[in-house]
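The values are calculated or read from the model by the stated rules, or taken from the named source; none is laboratory data. For clarity, every value in this text was computed on a predicted model and none was experimentally measured. Glycine gets a Cβ as well: all are built from the backbone with ideal geometry, and neighbour counts include every protein chain shown.
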Amino acid sequence: MFLLRSLLQHSATSRWMSIAMLLTCSGVLNVATARAIPSAADSDVPCGITLVGSTAGVADPRGQFTITVRDLAHNPVAGSSVVINFNACTPDIRLCSTQLAAGVTADCSGAVGSVSAVTNGNGQVVMKIIGGANNCSGHAPGAGFKCATVFADNVNLGNMNVAAFDQSGEGGLNPLDISVFMADMFAFPGTYVGRSDYNCSQTITPADLSNLMAALFGDGSAVSCATYCH
C-alpha cells in the first residue's frame, strides 16, 4: 500500500511539473515573439520630406524616403505601424486621398490627414507620398518648419519638415510652381514656409530652387493629385 501511494504521488507530481514547464515555455515564447516597443532615440526619421506628383500612374521617385524603427536595444522592429500625421501642416499642405506607392495608405481625418505603412523585416518603411501645397498666388500663408509628426505603434518618433514640388496643387509640376516658389524665396528671411524648403535647412535659397528645377526637368511629377483629402 505504501509503495502504491508513493507511485501515485510521484505520478501526480510529475504531471504538475510537466504542466508548469509547459506554461513556463509558453510564457517565454510569448515574450520572445512579442513586438518590441519603438524607441525614438534609436530610430531614424528624415529631417524633411517632399510631397510629389506622379507620371503615368507612378509616384515621383524624387520623393522617396525611409523611416527606420528600432527598439531600446537598437534592434529593428518589424511589423510596426508607422503613421505620419500632417494635421499641423495647415493651411497649405494637402494630401492625396489615394496614394500610389505600394503599402502606403491615406487617412483623411483631421485638418490635413495622415499616411501609414508597416515596417518590413529590417524595421523600415520606404515611402513616396502624393500631395501638394496651396500656393496659387505666390507667397500664400503656409506651414512652418517640421510640421509633420511621425509615430510608430503610437510612440512619437519626432517631426519632419514637409515640402511640396507641386506648389499650386494643380496642373502638375510646371513653370507656375517655379514662379510661386520664387515669391517664397524672396520673402525669406522675413517669412519662412516649410513647403519651399527642399533640403530641410530651415532656409529658402537657390539650392532649393535647384532641387525644384531638377524635379521639373525630371518629369516625375507631371500630374497633380486627382482628389485631395481637403
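If we keep just the residues of segment 169-201 that are part of a helix (DSSP H, G or I) and of a type in the set (D, E, K, R), which is surrounded by the most Cβ atoms within 10 Å (Cβ to Cβ)? That would be ARG195.
Based on what the data block shows, is GLN64 over 21 Å from LEU216 (Cα atoms), surrounded by fewer than 24 Cβ atoms within 10 Å (Cβ to Cβ), at pLDDT 95 or above and under 13 Å from the mean Cα position of the chain (by Cα)? No. Just one of the listed residues (PHE145, PHE165) is more than 23 Å from ALA101 (Cα to Cα), in contact with a strand residue (DSSP E or B) (Cβ under 8 Å, 6 or more places away or on another chain) and among the aromatic types (Phe, Trp, Tyr), and it is PHE145.
Out of ASN135, ASN156, I need the residue that is part of a strand (DSSP E or B), on the phi < 0 side of the Ramachandran plot and not small (Gly, Ala, Ser). Which one? Of the residues listed, the single one that is part of a strand (DSSP E or B), on the phi < 0 side of the Ramachandran plot and not small (Gly, Ala, Ser) is ASN156.
I'm told THR149 meets every condition in (1) of a type in the set (Ser, Thr, Tyr); (2) assigned to a strand (DSSP E or B); (3) under 25 Å from ALA214 (Cβ atoms) except one. Can you identify the failing condition by its number? Among (1) of a type in the set (Ser, Thr, Tyr); (2) assigned to a strand (DSSP E or B); (3) under 25 Å from ALA214 (Cβ atoms), THR149 violates only (3).
Among the residues that make up segment 140-147, is at least one of them within 18 Å of THR66 (Cβ to Cβ) and touching a residue at least 12 places away in the same chain (Cβ under 8 Å)? Write out each step before concluding.
Going residue by residue through segment 140-147, those that are within 18 Å of THR66 (Cβ to Cβ) are 146.
Now restrict to residues that are touching a residue at least 12 places away in the same chain (Cβ under 8 Å): 146.
Looking through segment 140-147, at least one residue is within 18 Å of THR66 (Cβ to Cβ) and touching a residue at least 12 places away in the same chain (Cβ under 8 Å).
Residue count for segment 43-92 satisfying the condition of being of a type in the set (Gly, Ala, Ser) and under 23 Å from ASP208 (Cβ atoms): 6. Within segment 87-125, the residues that satisfy the criterion of being in a loop (DSSP other than H, G, I, E, B) and either touching an Asp or Glu at 6+ places or on another chain (Cβ under 9 Å) or aliphatic (A, V, I, L, M) (or both) are ALA88, ILE93, LEU100, ALA101, ALA102, VAL104, ALA111, VAL112, GLY113, GLY123.
Every condition in (1) surrounded by 23 or more Cβ atoms within 10 Å (Cβ to Cβ); (2) more than 22 Å from ASP177 (Cα to Cα) is met by PHE151 except one, and the failing one is (1).
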